[in-house]
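Q: Take a look at the following structure, please.
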Amino acid sequence: MKKDLLTLRDLNADDCEALFMRSFELKQRRAVGIPDRTLQGKTLGLIFDKPSTRTRVSFEAAMVQLGGTSLFLNTKDTQLIRNEPIADTARVLSRYLDGLVVRTYSQDLLMDLASAASIPIINGLTDLYHPCQVLSDLMTILEKRGRLEGLKIVWVGDGNNVAHSWLNAAAILGLNLVLACPEGYQPDEAILAAAVKDTKGKIVVLSDPDEAVRDADVIYTDVWASMGHESEHERRKKVFKPYQANQRLLAMAKQDVMVMHCLPAHRGEEIAADVLEGAHSVVWDQAENKLHMHKAILERLMSDH
Ligand code: CP
Ligand code: NVA
C-alpha cells in the first residue's frame, strides 16, 4: 500500500529514527561527493498554492540529486483554479507521477487528495501542519546535541502549523516540549490534547515566555503572522511583542541554548537580528538539513527498494 506523509502522526518513533539515520548518511555521502541514484526514473510533482523558497527548492534539488526529476506546479496555473475537483486531479496526476508534495491551506483538502491518489502524498505545509520541517529540525537538534532525550525544547510565539507538528513530534518521540503562546494564539486544543495523552515525555503550554525559556536547551520561533494571516500582521505585532527571541530572553535559557527558526525570518519582530545572526543560532544548518531530510523522506515513500 502506498504511504503518505500528511502529519507526523503517520510515523512512529522507529520510522523517525530510520529517517534520521538515513538523512545523516545522505548528508555525509554528499559531503564527500558520493552520488546516490536511489530515485532514478522517478518523477516528483509539487503543487503549491502558497509561496515557498526552502521547501520547494530542497525537494526539487533532492530529486535531481537522487537521480530523479521534479515538476513544479503553481495551483493557479492548473485546472484546480477553474474548480476541477481535487479527487479528479489526484487520480490523473497519479497516472503521471511517482509522488506529490502539496503546499496548501486546508489539511482536509490535502487528506481528500491523498485518499483519491494512488501515489504517495507529502504535506509541504498546510494551515495545520508542517511535518517535513519538524523532521529536519529534529535532525538538526540530533546533529548538534547527539540526543533528543532530556532536552528542553521551547516554542515561543504563535501556536501555528509548525507548533502543531512539534506537538505531534512530542507525542511520538516523547519530547520535553514547552510552548509559550499569547492567550488566543495557543495551539489547537484537539491536537494539544491528543499529544498530551500520547506522549511519554512532557508537554506544557504557558503564556509567559520568560518562565517558558528558563533552562531551555532549544528556543524555536517562527513568524507571528503565517501565510494566510497577513491582514492580522499589525495587530499581531502588538500582541506578540513580549515573545520576541532577543538577548534578554536568551539570557534566561541555558548558556549553550540553540536558537532555531524555520525561516523566512522577520528581524526585529519574532527574532532580533543579533540573535538570528548570533553564536546561538543554527538557522542556516537547519535550513540546509531540509535537503538531506527531504531526500530520506522521498526514498522512504517513493523508492522501490
Ligand atoms: N521553512 C520553510 O518551509 O520555508 P519555505 O516557506 O521557504 O518553504
Ligand atoms: N508558520 C509559517 C511557516 C513558514 C515556513 C507559515 O505558515 O507561514
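Q: Please go through region 120-158 and give me each residue that is charged (D, E, K, R) and either modelled with pLDDT under 95 or surrounded by 24 or more Cβ atoms within 10 Å (Cβ to Cβ) (or both), ordered by number.
A: Once the filter is applied, which keeps residues that are charged (D, E, K, R) and either modelled with pLDDT under 95 or surrounded by 24 or more Cβ atoms within 10 Å (Cβ to Cβ) (or both), region 120-158 yields ASP137, ASP158.
Q: On the basis of being among the charged types (D, E, K, R), at negative phi and out of contact with any helix residue (DSSP H, G or I) (no Cβ under 9 Å at 6 or more places or on another chain), does ASP77 make the cut?
A: yes
Yes/no per residue for (1) part of a helix (DSSP H, G or I); (2) over 15 Å from the mean Cα position of the chain (by Cα); (3) in contact (Cβ under 8 Å) with a residue 40 or more places away in the chain; (4) within 16 Å of ligand 1 (Cβ to nearest atom):
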position: LEU93; (1), (2), (3), (4): yes, yes, yes, no
position: LEU109; (1), (2), (3), (4): yes, yes, no, no
position: ASP112; (1), (2), (3), (4): yes, yes, no, no
position: ILE119; (1), (2), (3), (4): no, yes, yes, no
position: ASP127; (1), (2), (3), (4): no, no, yes, yes
position: VAL134; (1), (2), (3), (4): yes, no, yes, yes
position: LEU148; (1), (2), (3), (4): no, yes, no, no
position: ASP158; (1), (2), (3), (4): no, no, yes, yes
position: VAL162; (1), (2), (3), (4): yes, no, yes, yes
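Q: Does region 214-224 include one or more residues that are within 30 Å of ALA114 (Cα to Cα), modelled with pLDDT under 95 and among the charged types (D, E, K, R)?
A: no
Q: Which numbered condition trips up TRP284, out of (1) within 16 Å of ligand 2 (Cβ to nearest atom); (2) in contact with a helix residue (DSSP H, G or I) (Cβ under 6 Å, 6 or more places away or on another chain); (3) hydrophobic (A, V, I, L, M, F, W, C)?
A: (2)
Q: Right, another one. Every residue in region 164-179 that is away from ligand 1 (no atom under 16 Å from the Cβ) and either closer than 18 Å to SER207 by Cα or of a type in the set (Asp, Glu) (or both), please.
A: LEU167, ASN176, LEU177, VAL178, LEU179, listed by residue number.
Q: A further question on this structure: Can you go through ARG56, ARG22, ARG30, ARG9 and tell me which one is assigned to a helix (DSSP H, G or I), under 17 Å from the mean Cα position of the chain (by Cα) and more than 16 Å from ligand 1 (Cβ to nearest atom)?
A: ARG9
Q: Would you check if THR69 is within 16 Å of ligand 2 (Cβ to nearest atom) and surrounded by 12 or more Cβ atoms within 10 Å (Cβ to Cβ)?
A: The answer is no for THR69.
Q: Among ALA62, ALA117, which is in contact with a helix residue (DSSP H, G or I) (Cβ under 7 Å, 6 or more places away or on another chain), surrounded by 14 or more Cβ atoms within 10 Å (Cβ to Cβ), over 22 Å from TRP284 (Cα atoms) and among the small types (Gly, Ala, Ser)?
A: ALA117
Q: Which pairs turn up if I take residues in region 276-299 that are within 13 Å of THR55 (Cβ to Cβ) and look for partners that are more than 14 Å from ligand 1 (Cβ to nearest atom) and part of a strand (DSSP E or B) with beta carbon separation below 9 Å, at least 6 apart in sequence or on another chain?
A: ILE297/LEU5; LEU298/LEU44; LEU298/GLY99
Q: List the helices (runs of 4 or more DSSP H) inside region 242-305, counting only whole elements, that have at least 3 residues being under 14 Å from the mean Cα position of the chain (by Cα).
A: 283-302
Q: What pairs come up if the first residue lies in region 36-57 and is within 17 Å of PRO120 (Cα to Cα), the second is among the charged types (D, E, K, R) and away from ligand 2 (no atom under 16 Å from the Cβ), and their beta carbons are under 6 Å apart, counting only those six or more places apart or on different chains?
A: Hits for this filter: THR38/GLU299; LYS42/ASP98; THR43/ASP98.
Q: Please work out if ASP217 is among the charged types (D, E, K, R), more than 27 Å from ARG56 (Cα to Cα), in contact with a strand residue (DSSP E or B) (Cβ under 9 Å, 6 or more places away or on another chain) and surrounded by 18 or more Cβ atoms within 10 Å (Cβ to Cβ).
A: Here the answer is yes, as ASP217 does meet what is asked.
Q: Continuing with the same structure: Does any residue in region 179-196 that is part of a helix (DSSP H, G or I) come within less than 7 Å, Cβ to Cβ, of a residue that is buried (at least 20 other Cβ atoms within 10 Å of the Cβ) and among the hydrophobic types (A, V, I, L, M, F, W, C) six or more places away or on a different chain, and which pairs are these?
A: Within 7 Å, the pairs are ILE191/LEU167; LEU192/LEU167; ALA194/ALA171; ALA195/LEU167; ALA195/ALA170; ALA195/ALA171; ALA195/ILE203; VAL196/ILE203.
The values are calculated or read from the model by the stated rules, or taken from the named source; none is laboratory data. These numbers come from a predicted model, not from an experiment. Quick reminder, even Gly has a Cβ in these numbers, built from the backbone with ideal geometry, and neighbours come from all protein chains shown.
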